[in-house]
Amino acid sequence: MKSRVCKRLLAAALACLFLPACQSQEQPEQTPAGFTASFAAAVSSGDEKALAAYQGNTYQLNARVDGILPGEGVSIRCPGKARITAALPQEELEGLQVNEVIALEGTVKEVAAQSNGLTEMVLDPAHVAGKEFEITGKVEKIFHDWERDGQDYAALWDSTVVESRQVNVYLPQGHEVQEGDTITARGALFAPADLGELSIGFLPGNQSAAVFLMYEPNSVQKEVRE
């Protein structure tokens, strides 16, 4: 009898190693584009089990640098009452600027409520995985930046860097990009904190008035229509 029970327990344990249903379902799959929003949603829900599930895991995320902590790391902009800080090597920290968009990789050291009402995730160790991004999308509208001698920029929607974000790609002189074209652009992204200081065109449906700017793309390629 004991032998049969032991065999059943062993079979159940082995099944849990291979069947997805036995794996932890507390932590949903995370993507770099949706990580900050997902974490903010967990904070907003007050689900302690969901927040605890981040502990000890390593993630990749794309985010705007909200602040630089000298000798320590960076703070990352998140929606609502969530905040992320990432401990970075000094050589990486020296090359960063506030409001630039970066790709990070880091291990969650802790997730804890702070006295100021925020819930903070600490990534330690962490490192900058990239500072350039490639985006592809349909040009919804072409605007002109009169503060930059009327330079054209193409506004499109993108979800590969951060979910559902407007991206304005500045175009080189003599470009042949038109509204409705699909383009692929690669370069650094900037997320201005004070949009009132800039003349930025916003697409209809941009409820948050949030936008990434690609001022100097390394390349802009237009998809050839057959």
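The values are calculated or read from the model by the stated rules, or taken from the named source; none is laboratory data. The structure presented is a predicted model; accordingly, all values stated were derived computationally and were not measured. Neighbour counts are summed over all protein chains in view; Cβ atoms, including those assigned to glycine, are modelled from backbone coordinates with ideal geometry. For accessibility, only protein heavy atoms count, side chains too; no ligands or nucleic acids. Shrake-Rupley method; radii C 1.70, N 1.55, O 1.52, S 1.80 Å.
Some observations on this one:
- Check on E72, free of Cβ contacts under 8 Å to residues at least 24 places away in the same chain, open to solvent by 20 Å² or more (accessible area, probe 1.4 Å) and touching a strand residue (DSSP E or B) at 6+ places or on another chain (Cβ under 8 Å): yes
Okay, residues lined up against (1) crowded, with 20+ Cβ neighbours inside 10 Å; (2) modelled with pLDDT of 95 or more; (3) farther than 19 Å from V43 by Cβ:
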position	(1), (2), (3)
P125	no, yes, yes
I135	yes, yes, yes
V139	no, yes, yes
R148	no, no, yes
W157	no, yes, yes
V177	yes, yes, yes
G180	no, yes, yes
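- Residue check, R83 at pLDDT 95 or above and under 20 Å from V211 (Cα atoms): yes
- Every condition in (1) open to solvent by less than 60 Å² (accessible area, probe 1.4 Å); (2) at pLDDT 95 or above; (3) assigned to a strand (DSSP E or B) holds for F39 except the one numbered (3).
- Checked against the criterion of being under 18 Å from D66 (Cα atoms), free of Cβ contacts under 8 Å to residues at least 40 places away in the same chain, of a type in the set (A, V, I, L, M) and open to solvent by 30 Å² or more (accessible area, probe 1.4 Å), the candidates A188, A129, A193, A209 yield just one match: A209.
- G117 vs. criteria free of Cβ contacts under 8 Å to residues at least 12 places away in the same chain, more than 21 Å from the chain's Cα centre (by Cα) and open to solvent by 20 Å² or more (accessible area, probe 1.4 Å): no
- Test result for V169, of a type in the set (A, V, I, L, M, F, W, C), surrounded by 13 or more Cβ atoms within 10 Å (Cβ to Cβ) and assigned to a strand (DSSP E or B): yes
- Every residue from segment 99-113 that is closer than 16 Å to R77 by Cβ and either out of contact with any Phe, Trp or Tyr (no Cβ under 9 Å at 6 or more places or on another chain) or surrounded by 18 or more Cβ atoms within 10 Å (Cβ to Cβ) (or both): V101, I102, L104, G106
- Scope segment 26-58; condition over 24 Å from D158 (Cβ atoms), in contact (Cβ under 8 Å) with a residue 12 or more places away in the chain and either out of contact with any helix residue (DSSP H, G or I) (no Cβ under 9 Å at 6 or more places or on another chain) or acidic (D, E) (or both); matching residues: E26, S44, K49, A52, Q55, G56, N57, T58
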